[in-house]
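The values are calculated or read from the model by the stated rules, or taken from the named source; none is laboratory data. These numbers come from a predicted model, not from an experiment. Here the Cβ is made from the backbone with ideal geometry for all residues, glycine too, and neighbour counts use every protein chain on show.
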Amino acid sequence: MAYHPRTIAPGPLMSLRHVSMKTYRVSFDATMPEPDQLNEAMAWITPFIIKKPPFQHAHVGFAILHRGVERDYLVVCYWANHNECLTQVAVRDRDADGHWRLADNESFCVWDMQIMAFERDQMVKHVLTPAQPALTGYLGLHLSIDGKTDGH
């Protein structure tokens, strides 16, 4: 499969176990995941993340709902332990029963990593570098990409 840009659209700011989560929607085609799908996925994964408070917690993170070719992916990342990005991935096969499950042999992909790179840079700029972390600055910025190409 050849690489082609995918649309990356910011979603609403959500709260997940006292963590302010920036959200993103990604799709392999023009059918973007709906906001209610994001709400459903986030509700499903809540019991599986942030079970034990980490050493140091910034109380911010991001989540990606990605409509892949055969299945949907939910990638949830939150910042903890000074400079770590704790991550949990869930998957839903669209041709089966349609239920979410924790990833087994699946993970995030190159399009998700594009968001992760942006989020890493914003974390360094707004939270890790300044003497006074600016969480509102971090939470106020999203990556947005129009994945349309010239016919590819």
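Annotations for the structure displayed:
- When residues in region 90-149 are screened for being on the phi > 0 side of the Ramachandran plot and within 13 Å of the chain's Cα centre (by Cα), 0 of them pass.
- Test: Ala63 is outside any strand (DSSP E or B) and either over 13 Å from the mean Cα position of the chain (by Cα) or within 18 Å of Pro35 (Cα to Cα) (or both): no
- Here region 43-59 is the region considered, the condition is being modelled with pLDDT under 85 and part of a strand (DSSP E or B), and the residue that is nearest to Met123 (Cα to Cα) is Ala58.
- Complete set of residues in region 104-115 that are without any contact (Cβ under 8 Å) to a residue 24 or more places away in the chain and assigned to a loop (DSSP other than H, G, I, E, B): Asp104, Asn105, Ser107
- Count of residues meeting criterion [in contact (Cβ under 8 Å) with a residue 12 or more places away in the chain and among the acidic types (Asp, Glu)] in region 117-132: 1
- Residues of region 112-149 satisfying the condition of being modelled with pLDDT under 95 and in contact with a Lys or Arg (Cβ under 7 Å, 6 or more places away or on another chain): Gly147
- The residues in region 23-72 that are free of Cβ contacts under 8 Å to residues at least 60 places away in the same chain, surrounded by 15 or more Cβ atoms within 10 Å (Cβ to Cβ) and among the hydrophobic types (A, V, I, L, M, F, W, C) can be counted, and the count is 13.
- Flag: Arg67 matches the condition of being basic (Lys, Arg), at pLDDT 90 or above and under 19 Å from Pro10 (Cα atoms).
- Scanning region 66-103 for residues that are assigned to a loop (DSSP other than H, G, I, E, B) and of a type in the set (Phe, Trp, Tyr) yields one hit, Trp100.
- When restricted to residues that are more than 15 Å from the chain's Cα centre (by Cα) and outside any loop (DSSP other than H, G, I, E, B), region 1-40 contains 1.
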